[in-house]
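Notes follow the structure.
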Amino acid sequence: MTEVLLSSPREGVAQITLNRPSKLNAMTSEMVEQLHETLGLVSRSREYRVVVLTGAGRGFCAGLDLGGYGTAPGYEWNGAVEKGLAIQKHIASLIPRMRSLPQPIIAAVNGPASGGGFALVLGSDIRLCAASARFNAAFIRIGLSACDIGTSWLLPRLIGAARAQEIMLTGRIFDATEAARIGLVLDAVPDDVLLDAAYTKAEEIMLNTPLGVALTKEGMWSALEIPGLQAAIDMENRQQIMASFSDDARETRIAKSEGRPPKYRA
């Protein structure tokens, strides 16, 4: 069975669906590799302007399948430590891959998102969830660290250090209402309208130029890593000049002067 599905429910939207519903879409080596490949395919296409990431069935992603993850592809390590580290790197590299996409990723969290699934939510650019969604930094509950797959860097920047530290240290499960209250997700909506809400947000993004959106995604994440204001401003200045000479910017100006919607080239 294909463990990651790619579809296009609306023009310009790439929907990536984690597809192990009987296991709450728990991650296997095959799923992670298919997700890497699918993200790479989407990143090279101008047909897709926005990505919606969701799960099949009643869960988003329950994290790693601890009963049968498999081994990291392409590695021939013999020792247990070496094999474990190869697996860890294979999974954790999903977050930089998600960030490197020129298209924004909207996480449509349709149910439990634990451990590695929680990290996929954090690594997305916009987060929406269903009322049935549940979240937790799960690995501390099985004797490991909650600092996993980028969680220790992403979570404090999204919701603040104090809340993030409590969530990581307890590993407690929290619901959709709390996720919206603390700002982890943009909104919590009824289960049956979650995907429509994600598509609506995608259409809002697609009103803007592809290059402008790509540069904004790149810049907004880079700004979280830059230690000083001036360095961020210097980066922004260069982005603005690059964008101002693009075909998309020119089409935007012409369309506004002619009183029509812009037509960006695929």
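Figures for the structure shown
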read-out	value
Pair ARG44, ASP192: separation of 7 Å Cα→Cβ label points (nm)	4.1 nm
Subset of LYS23/LYS217; LYS217/LYS263; LYS23/LYS89; LYS83/LYS217 violating a 29 Å alpha-carbon distance limit	LYS23/LYS217; LYS83/LYS217
Choice from VAL52, VAL81, VAL13 with maximal GNM fluctuation in the chain (Cα, 10 Å cutoff)	VAL81
P(r) of region 210-258 over all Cα-Cα pairs, binned every 10 Å from zero, in whole percent	24, 45, 23, 7, 0
Of ASN208, ASN136, ASN110, the one that fluctuates the most in a GNM where the chain has Cα springs shorter than 10 Å	ASN208
For region 95-199, diffusion coefficient by Stokes-Einstein and Kirkwood Rh (Cα), 37 °C, 0.692 mPa s, µm²/s	241 µm²/s
Residue order, fewest to most beta carbons within 10 Å, for MET1, MET27, MET235, MET242	MET1, MET242, MET235, MET27
Geometric extent, Cα atoms of the chain - Rg, Dmax (angstrom)	19.1, 66
Relative exposure of GLU33, GLU82, judged by other C-beta atoms within 10 Å (fewest first)	GLU82, GLU33
Sparsely packed chymotrypsin sites (Phe, Trp or Tyr not before Pro) within region 188-266, loop by DSSP, other Cβ within 10 Å at most 12	PHE245
Whole-number D in µm²/s for region 100-139 (Stokes-Einstein; Kirkwood sum over Cα pairs; 25 °C, 0.890 mPa s)	237 µm²/s
Fewest-first sequence of ARG46, ARG10 by Cβ atoms within 10 Å of each Cβ	ARG46, ARG10
Among LEU39, VAL213, GLN88 the positive-end extreme of the charge dipole of the chain (Cβ point charges)	VAL213
The chain: most fluctuating residue of ALA198, ALA179, ALA161 per GNM, C-alpha cutoff 10 Å	ALA161
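FYI, it's all coordinate maths here, none of it is from the lab. Computed from a predicted model, the values in this text were never measured in an experiment. In this analysis, Cβ positions are derived from the backbone assuming ideal geometry, glycine residues included, and neighbour counts consider all displayed protein chains.
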